[in-house]
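Structure record follows, encoded as C-alpha cells.
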Amino acid sequence: ADFDAKKKRKVAEIYQALNSDPIDVAALRRMAISEGGLLTDEIRCKVWPKLLSVNTDDLPPPPAGKELREDNKDYQQVLLDVRRSLRRFPPGMPDDQREGLQEELIDIILHVLKRNPQLHYYQGYHDIVVTFLLVVGDRLATALVEKLSTHHLRDFMDPTMDNTKHILNYLMPIIDQVNPEVHDFMQSAEVGTIFALSWLITWFGHVLSDFRHVVRLYDFFLACHPLMPIYFAAVIVLHREQEVLDCECDMASVHHLLSQIPQDLPYESLISKAGDLFVQFPPSELAKEAAQQQAERTAASTFKDFELASVQQRPDTVLRQRFRERLRGEERLRGEERTKSILTKPRTNRFVKLAVMGLTVALGAAALAVVKSALEWAPKFELQIFP
C-alpha cells in the first residue's frame, strides 16, 4: 500500500511538472532518474518528448515506405537486422501485428537516415528504435529517434568506430576510480572493453530480455548526459566484482563472463550508483585517461559538465541566456561562479545535481555544440531551438 501511495504521489508530481508553464523540465528529469523512473508508457509518451525537447504538436507525417526503400543503400542491412529482431517484441504478440511493427521500424530508420545524410546506420541502431516504437508509436518515435540520433547517439553514427571506441575508453577509468583491484585484474587479463560495445550502442536494449528493464533504463539515459550508459556499464562490472576476480585471469574467460549480462540485476540501486559516480567523477575529469587525443571530436566533449547558470532558472530562459553568453562572452564568469556556489554547497541533493546535469544535456549540448563547432555538429538544430 505504501508503494502505491508513493507511486500515486509521483504520478501527480510528474503531471504537475508537465502542466506548469513553462514546463518544469528539471523536475521531469528528476522523476525519470529517481526510483521507478516514469512508471508507465502513457507517461513516457508525454515526458520523453520533453526530455528531448521535441514539439509534439508539429510532428512530421509518418514516413512513406515505398520511395524510402527504393535505392536506399542501407535498406538491405536494415531489413536483415529488423527480421532478426523477433525477440525484441513482446512474447505472445500475434505475428501479423509484429510484422506490421517491423515494417514501421524499417520505415522509421530509413526516414531518419534519409533526412540526415551525415548519419551512418550501425547494427544495433534498430534495437534503440524498436524501444521507442513500442512505447510511443511510429510518428512520435520518428521525431524522438531523429533528435536522439543527431545528439546522444551521434558518435555511434559516424562513418568509423573511432568516437564509439573513444567512449568505451571511459569504462576503465571509471572502474579504476571505484575499484582499482577489479581494474588491474581486467588490465592483466587484457580483456579490453569490446564486451560492453553492444550495451553501449543499443542502450542495453539488445542484451536485456525484459522490456520493462529496458524502458526503465531509457528513462534514466534520456534524462542524463550522453555518457551515462558507459557509467551504467561500469556499475554492472563493479556489481559483479566477485565473479570477475574469481575468474581465470585471461582474456577469453573474462570476456565471456562479462559479455553474458545477468538478467536479475538490481536496476534501481545500479541506476542510483551510476548517477553518484557521474557526479563524483564527471567525464571532464576522466578525459585524460580516456585517451584524449580525439576528445575534441566527440559529442561528449561538447558538454561542459555542470556548466549551467542556475538550478532555479527555467530551461528556455537558460537557453537564451546561454546562447547570448556564448556569443557575447560577457556574463560568463559570473555564471560560472554562481554555478560553483550552487554545486559546492555541502549536502547538495544528488537529484538536484543530476537534474543540473540533465539540463546541461538538453541545453548545454545544443548551445555549446552549435556555437563551438561552427555549426558542423547538427547544423539544423540551431534553427529549431533559438527562434
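With respect to the conditions (1) modelled with pLDDT under 95; (2) under 24 Å from the mean Cα position of the chain (by Cα); (3) open to solvent by less than 60 Å² (accessible area, probe 1.4 Å), residue 48 lacks only one, and its number is (1).
Among the criteria (1) in a helix (DSSP H, G or I); (2) under 24 Å from residue 226 (Cα atoms); (3) of a type outside the set (S, T, N, Q), the one residue 36 does not fulfil is (1).
Where residues in the range 1-33 are part of a loop (DSSP other than H, G, I, E, B) and charged (D, E, K, R), which of them is least open to solvent (accessible area, probe 1.4 Å)? Ranking the qualifying residues of the range 1-33, first place goes to 24. The listed residues are 124, 100, and the only one of them that is over 24 Å from residue 46 (Cβ atoms) and either exposed (fewer than 15 other Cβ atoms within 10 Å of the Cβ) or not small (Gly, Ala, Ser) (or both) turns out to be 100. Can you pull out the residues in the range 259-269 that are modelled with pLDDT of 95 or more and either within 19 Å of residue 170 (Cα to Cα) or loosely packed, with under 13 Cβ neighbours inside 10 Å (or both)? The answer is 266, 269. Scanning the range 154-192 for residues that are surrounded by fewer than 23 Cβ atoms within 10 Å (Cβ to Cβ) and not in a helix (DSSP H, G or I), we see that the one that is modelled with the highest pLDDT is 179.
Only one of 57, 95 is open to solvent by 70 Å² or more (accessible area, probe 1.4 Å) and within 30 Å of residue 10 (Cβ to Cβ); which? Talk me through it step by step, then tell me what you get.
Values: 95 fails: within 30 Å of residue 10 (Cβ to Cβ).
On inspection, the qualifying residue turns out to be 57.
Listed by first and then second residue, the pairs linking a residue in the range 236-258 that is in contact (Cβ under 8 Å) with a residue 40 or more places away in the chain to a residue that is among the polar types (S, T, N, Q) and buried (at least 16 other Cβ atoms within 10 Å of the Cβ), with Cβ atoms under 7 Å apart and 6 or more places separating them unless they lie on different chains, are 238/179; 241/179. Residue 53 passes every criterion in (1) at positive phi; (2) among the polar types (S, T, N, Q); (3) in contact with a Phe, Trp or Tyr (Cβ under 8 Å, 6 or more places away or on another chain) apart from (3). Among residues of the range 87-110 that are closer than 26 Å to residue 60 by Cβ and among the charged types (D, E, K, R), those with a Cβ under 9 angstrom from a residue that is in a helix (DSSP H, G or I) and open to solvent by 80 Å² or more (accessible area, probe 1.4 Å), sequence gap 6+ or separate chain, pair up as 98/86.
The values are calculated or read from the model by the stated rules, or taken from the named source; none is laboratory data. This one's a predicted model, so the numbers in the text were calculated from it and none came from an experiment. Using ideal geometry, Cβ is built from the backbone for each residue, glycine included, and neighbour counts are taken over all protein chains shown. Side chains are part of the model used for accessible areas, which takes the heavy atoms of the whole protein and leaves out ligands, DNA and RNA. Shrake-Rupley method; radii C 1.70, N 1.55, O 1.52, S 1.80 Å.
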